[in-house]
1. Out of the residues in the stretch 10-24 that are under 11 Å from the mean Cα position of the chain (by Cα) and of a type outside the set (A, V, I, L, M), which is farthest from residue 41 (Cα to Cα)?
2. Output the qualifying pairs, or none if there are none: Cβ atoms under 7 angstrom, residues six or more apart or on different chains, first residue in the stretch 22-50 and on the phi < 0 side of the Ramachandran plot and part of a loop (DSSP other than H, G, I, E, B), second residue surrounded by 11 or more Cβ atoms within 10 Å (Cβ to Cβ) and at pLDDT 95 or above.
3. Right, residue 63: surrounded by 11 or more Cβ atoms within 10 Å (Cβ to Cβ), among the charged types (D, E, K, R) and not in a helix (DSSP H, G or I) or not?
4. Which is modelled with pLDDT of 95 or more and either of a type outside the set (Gly, Ala, Ser) or exposed (fewer than 10 other Cβ atoms within 10 Å of the Cβ) (or both), of 50, 17?
5. Filter the stretch 4-21 for residues that are part of a loop (DSSP other than H, G, I, E, B) and of a type in the set (A, V, I, L, M); which is farthest from residue 49 (Cα to Cα)?
Amino acid sequence: MAKRKIIWSNRAKIKRYEILKFYIDRNKSHTYSIKLNRRINKELRLLIKYPDLGIKTDIEGVR
């Protein structure tokens, strides 16, 4: 079975960076951003394992 892969759009990559940067600036610390990034990665691993999680969209193959 082929391994699934999450494909990030450029906009999504930028938004993720902006979110993490926001919390670094707001909290004057990297601690929360590191935890948040770990949580995002954990959820992505779950999504790779169970690709039917999430709500279907009108775009085929996108949830």
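1. Restricting to residues being under 11 Å from the mean Cα position of the chain (by Cα) and of a type outside the set (A, V, I, L, M), the top hit is 15.
2. Listed pairs, sorted by first residue: 30/24.
3. For residue 63, the condition - surrounded by 11 or more Cβ atoms within 10 Å (Cβ to Cβ), among the charged types (D, E, K, R) and not in a helix (DSSP H, G or I) - is met.
4. After applying the criteria, what remains is 17.
5. 7
The values are calculated or read from the model by the stated rules, or taken from the named source; none is laboratory data. The shown structure was predicted, so the numbers you read here are calculated from the model rather than taken from an experiment. Methodologically, a virtual Cβ is constructed for each residue, glycine included, from the backbone with ideal geometry; neighbour enumeration extends over all protein chains shown.
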